[in-house]
Amino acid sequence: MTVIDADILVRALRYPRDDRGTENEAFLARVKAAGERPGITVFSKLEILGIMSFGMNRQQFEELDQDFER
């Protein structure tokens, strides 16, 4: 299992045009192509939800939270 740190997912979700965005997307594509389901730690999930919550309404926040369970 590949465990992905919060900064990778935050960059993909919030800052796709970051200087490291191309490298980030290539990594996520390799993980997806490997056919395995990646994981994150509980702490990373909380960090991501905290960062992403700014500017979201309740429904968007709950949908993001549920996306981690899929």
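A compact table of results
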quantity	calculated
Within the accessible area of the chain (1.4 Å probe), percent carbon and sulfur	53
Gain upon complete extension [F54, A12; 0.36 nm per residue less C-alpha separation]	13.5 nm
Dipole axis of the chain (+1 Lys, Arg; -1 Asp, Glu on Cβ), positive-most option in G35, P16, L46	G35
Relative contact order of the chain, pairs being alpha-carbon contacts under 8 Å that are 6 or more residues apart, as %	40
Between helix 42-52 and the chain: long-axis angle, C-alpha atoms, 0 to 90°, nearest 10	60
Size of electric dipole in the chain: Cβ of Lys, Arg +1 and of Asp, Glu -1, about Cα centre, debye, nearest 20	120
Spherically averaged projected area of the chain from its Cα convex hull (nm²)	4.8
F68-R37 pseudo-label distance in nm [points 7 Å out on the Cα-to-Cβ vector]	1.6
Most to least packed among 19-30, 50-61 [average Cβ atoms within 10 Å]	19-30, 50-61
Surface accessible to a 1.4 Å probe, per residue, for the residues of the chain, Å²	76
Structure-based [θ]222 nm, the chain - -39500 (n - 2.57) summed over DSSP H runs of at least 4, per residue, nearest 500	-18500 deg cm²/dmol
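The values are calculated or read from the model by the stated rules, or taken from the named source; none is laboratory data. Predicted model only: the values in this text are computed from it and were never measured. Here Cβ is always computed from backbone atoms with ideal geometry, including for glycine, and neighbour counts include all displayed protein chains. When the accessible area is computed, the model is the full protein with side chains, heavy atoms only, and any ligands, DNA or RNA have been set aside. Shrake-Rupley method; radii C 1.70, N 1.55, O 1.52, S 1.80 Å.
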